[in-house]
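Before any comments, here is the structure.
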């Protein structure tokens, strides 16, 4: 996969969504309910009506190319008793690619230990499965792969989903949710201790860069401020979560500010700093502004996994 990451600048624009923001024809500021309705309409689109930025068919190679390198190693290290959750899976191609001979050929090391591989669960708001999903499910053991749709992540109970050693989100719920702190609580509750969550954000201020040094035409899609109005940034906010180890890396090769995240759960006493949504504008992904509910990011919400 190192060679694939070296080709990143050449394939970046083909695999990453080009964000579009839905604009209201009204001169008044749209309400949260209006924008939520517009976002729901995007989720329901099919065929030629799917917006250009709403990508539902990413391959596993795309995941390995863009997510932090630890993802590829973590997936290859999973054994038959382990579980992988893919949030915002779309057509589930990444999960299906994992169960191919091609994947094993590209990850020869550890193939014998992997055996029949981990169980995988794909989640999508809309059911976008293709015949390929059903063909693969019929070939594998019953329950080896599951596809869940029709609900948001937070609406699934712990009993429905279970726990996972690996969770991924490639411009899925982490990029689209209106309730970022609640989303992170749910993800970390589903993650086993020492398990890892890999995700990314498009058009976000990287941890080590000020807004002033970004290209002048940059429109940031996700921002977090403190209760005092200071810019916190997503990476710094993630690092304030108790019981996690966070790695953030920025990528500007496409000319857009992108940040990649690896979040490893280190203990069960997870506490996520609460956020309030101040702005949400429908799009692919949507524009979101969050504010910390308490000064200095006081931790007020708990994520319990048991």
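The values are calculated or read from the model by the stated rules, or taken from the named source; none is laboratory data. Because the structure is a prediction, the values reported are computed rather than measured. Every residue, glycine among them, receives a Cβ derived from its backbone with ideal geometry; neighbour counts consider all protein chains shown.
Residues being closer than 24 Å to residue 53 by Cα and either in contact with a helix residue (DSSP H, G or I) (Cβ under 7 Å, 6 or more places away or on another chain) or modelled with pLDDT under 95 (or both): count how many of those fall in the range 179-205.
Residues that pass the stated criteria total 10.
From the set of residues in the range 213-233 that are outside any loop (DSSP other than H, G, I, E, B) and surrounded by fewer than 15 Cβ atoms within 10 Å (Cβ to Cβ), which is farthest from the chain's Cα centre (by Cα)?
213
Can you tell me how many residues in the range 86-113 are surrounded by fewer than 20 Cβ atoms within 10 Å (Cβ to Cβ) and not in a loop (DSSP other than H, G, I, E, B)?
The qualifying residues number 10.
Please go through the range 114-126 and give me each residue that is under 26 Å from residue 171 (Cβ atoms) and not in a loop (DSSP other than H, G, I, E, B), ordered by number.
Selection gives 119, 120, 121, 122, 123, 124.
Out of the range 132-184, which residues are over 22 Å from residue 71 (Cβ atoms), under 14 Å from the mean Cα position of the chain (by Cα) and not in a helix (DSSP H, G or I)?
152, 178, 179
Within the range 252-264, is there a residue that is touching a helix residue (DSSP H, G or I) at 6+ places or on another chain (Cβ under 6 Å), more than 18 Å from residue 292 (Cβ to Cβ) and either free of Cβ contacts under 8 Å to residues at least 60 places away in the same chain or surrounded by 17 or more Cβ atoms within 10 Å (Cβ to Cβ) (or both)?
Taking every residue of the range 252-264 in turn, at least one turns out to be touching a helix residue (DSSP H, G or I) at 6+ places or on another chain (Cβ under 6 Å), more than 18 Å from residue 292 (Cβ to Cβ) and either free of Cβ contacts under 8 Å to residues at least 60 places away in the same chain or surrounded by 17 or more Cβ atoms within 10 Å (Cβ to Cβ) (or both).
Does the range 45-56 include one or more residues that are in contact with a strand residue (DSSP E or B) (Cβ under 8 Å, 6 or more places away or on another chain), under 22 Å from residue 218 (Cβ atoms) and either surrounded by fewer than 16 Cβ atoms within 10 Å (Cβ to Cβ) or at pLDDT 85 or above (or both)?
no
Can you tell me which of (1) at pLDDT 95 or above; (2) loosely packed, with under 15 Cβ neighbours inside 10 Å; (3) outside any helix (DSSP H, G or I); (4) more than 18 Å from the chain's Cα centre (by Cα) is the one residue 129 doesn't meet?
The failed condition is (2).
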